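First comes the structure, then the notes that go with it.
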Amino acid sequence: MNLIHTTLKWLFKYRLNEIENFKKNPVEAQEEVLQKIISTAENTEWGKKYKYNSISNISQFQKNVPISSYEEIFPFISRMMEGEANILWPGVISWFAKSSGTTNARSKFIPVSKESLEDCHFKAGKDELILYIKNNPKTKIFDGKSLFVGGSFNQIKNNPDIFCGDVSAVMMKNLPLWGEYLRTPSLKTALLADYEEKIERLAEESSKENVVSIAGVPTWMILLIKKVVEKKDAKNIFEVWPNLEVFFHGAVSFVPYEKVFKELLPSTKMRYMEAYNASEGFFAVQDDLSRKGEMLLLPDCGIFYEFISMSEFNSKNPKVLTMGQVEIGKNYAIIISSNAGLWRYLIGDTISFTTLFPHRIKITGRTKHFINAFGEEVIVNNTDTAITEACVLTNSLISEYTVAPIFMKNGKSGAHEWIIEFEKKPRSVKKFINILDASLRKINSDYDAKRFKDIALGLPIVNVVPKGTFYKWMKLRQKLGGQNKVPRLSNTREYVDEILKLIE
């Protein structure tokens, strides 16, 4: 193990120099990425359609190629899933990442090329390790095993050579040898489709290993840690994994979960590192562990980025910006062009920049996950911040939450209806609600204006549900495990009404 540690550290030094360079010169890195993916795809059906062989700069690219939603690009992806070659990207694509489907009733299938695996997902994954080592030079992360809670995959119907599944499963199935050597559990267990069986077997296998790092979505990691502690009849997880030192997390904001994990993992030596690894690509990673929620955007990992200010998002001709044109603090929708054949594709996430040169971002929500029923423009970043403050000031912990509007009726003002599952309930739910409301009013001026004298919005309504409610709901929706996460906000009542019906 020490030999692996030493060798990898030596190999990582070269990449660290590249990271320091693109921190200073992200625009140049982005220009190189764009030219590379355009030239690679110029003989594909898409490349010929939009005259990629005539594109020599960013403005030509933006002029030639339209911005696409998933619905617009799906006919091309569908043909690729049937085995057709040279459609959006050269050759036949054998792997497709199945999205969590939180924005649509049906799942989305995202092409994953060999290039995107090597030059995006794995390259960025190595960057995560490099930056962790830089922050923690005395780490012993390679002296034990890394535990990853991921998803599963299966063959495409009528095409045994093409597969789809959670991006985590796609990555695990294609891991390089050194990565496979350092991980646990067995691949067979890691890729089980039945999530309840998977948790049992994950806990059984991993409890016998020297686990030094854990990685995955916070929700599912909490379940696994509790299961391991239960199986070993331990006081806490450090009795089972005494050398555990870091949790690599992503997919959802860690803000509401931070206090839960600090109680679950009672050690001042425990570290937390965030990554932004989506089905469409591995976009960003935390480079400074003191900057909570802030991640370094990776401009040289096969993705070309564009941004639309959310203030212009619904206009006919919104201004589209590149990394060299963005501003700190504004809320942007992300557009990507990738080395898997996604071209000017709206991925549905929103971010804001916290620093420039280096370009660090915070995930603020989803283009379809917001509440604006009364002009309040509440986003996930707002509710995560508010519920965290309410928990801190009432000494409570949450497991999950979701929010939807209650629309005006019979002359009464509207409201926001919250469904909250507590890990530890507040002594006074009324006090919790008042703090929650006050925090939202403090951080969102539009919400504050609509709350004035309860004219448009009344005090939030909070439904406290029994433990396990969200798990049951996700199970009913066939959304257990992997990249699946609870949708925080919705401008409709679909999710809230389903959960309320479940607990009746």
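Read-outs throughout are calculated quantities, based only on the coordinates presented, and are distinct from any laboratory measurement. Values in this document were obtained by computation on a predicted structure and should not be read as measured data. Using ideal geometry, Cβ is built from the backbone for each residue, glycine included, and neighbour counts are taken over all protein chains shown.
Expressed per residue, the C-alpha convex hull volume of region 173-287 stands at 124 Å³. Under the simplified labelling scheme, the Glu18-Ala85 pair shows an inter-label distance of 2.8 nm, with each label point 7 Å from Cα along Cα→Cβ.
What Kirkwood hydrodynamic radius do you get for region 88-211 when you take the inverse of the mean 1/r over all pairs of distinct Cα atoms, in Å? Evaluated on region 88-211, it is 16.1 Å.
Projected label points at Asn25 and Asn491, each 7 Å from Cα along the beta carbon direction, are separated by 4.3 nanometres. Amide H contacts under 5 Å for Ile93: none, restricted to partners 5 or more places along the chain or on a different chain, H placed in the peptide plane at 1.01 Å from N.
Across region 370-503, Cα pairs under 8 Å and at least six residues apart give a relative contact order of 33 percent. Computed over the chain, the per-residue total of -39500 (n - 2.57) for DSSP H runs of n ≥ 4 gives a 222 nm mean residue ellipticity of -10500 deg cm²/dmol, rounded to 500. On a C-alpha basis, how far is the centre of region 164-215 from the centre of region 300-317 in Å? Whole number, if you could? Using only Cα atoms, the two centres lie 35 Å from each other. Per-residue packing, averaged as other Cβ atoms within 10 Å, sorts the ranges 198-210, 361-373, 332-344 into the order 332-344, 361-373, 198-210, beginning with the highest.
Normalised by 2.2 N^0.38 Å, where N counts its residues, the alpha-carbon radius of gyration of region 370-503 equals 1.02.
Taking a sphere under 13 Å around the Cβ of Lys442 and counting the other residues whose Cβ falls inside, with K and R at +1 and D and E at -1, yields a net charge of -2. Which whole-number percent gives the relative contact order of the chain, counting Cα pairs below 8 Å spaced six or more residues apart? Normalised by residue count, the contact order of the chain is 14 percent. For the cross-link pairs Lys98/Lys442; Lys232/Lys259; Lys319/Lys368; Lys368/Lys475; Lys98/Lys134, which exceed 26 Å when the distance is taken from alpha carbon to alpha carbon? Among Lys98/Lys442; Lys232/Lys259; Lys319/Lys368; Lys368/Lys475; Lys98/Lys134, the Cα-Cα distance tops 26 Å for Lys98/Lys442; Lys98/Lys134. Label point of Glu32 set 7 angstrom out along Cα-Cβ; within region 328-343, amide nitrogens under 19 Å from it belong to 337-340.
State, to one decimal in nm², a quarter of the convex hull surface area for the C-alpha atoms of the chain, i.e. the direction-averaged projected area.
Value for the chain: 23.9 nm².
A Förster radius of 30 Å combined with the Cβ-Cβ distance from Ser428 to Glu196 puts the calculated FRET efficiency at roughly 0.25. Counting every alpha-carbon pair across region 288-426, the share separated by more than 27 Å comes to 35%. Computed over neighbours whose Cβ is under 11 Å from that of Thr350, the net charge equals +3, Lys and Arg +1, Asp and Glu -1. The distance separating the Cα centre of region 262-277 from that of region 222-238 comes to 16 Å. Helix hunt in the chain: which complete DSSP H runs extend at least 24 Å axially by C-alpha with mean Kyte-Doolittle at least -1.0? Counting only whole DSSP H runs, the qualifying helices are 2-24. Segment Gln60..Lys319, full-extension length gain: 91.7 nm, with 0.36 nm per residue of separation and the alpha-carbon distance subtracted.
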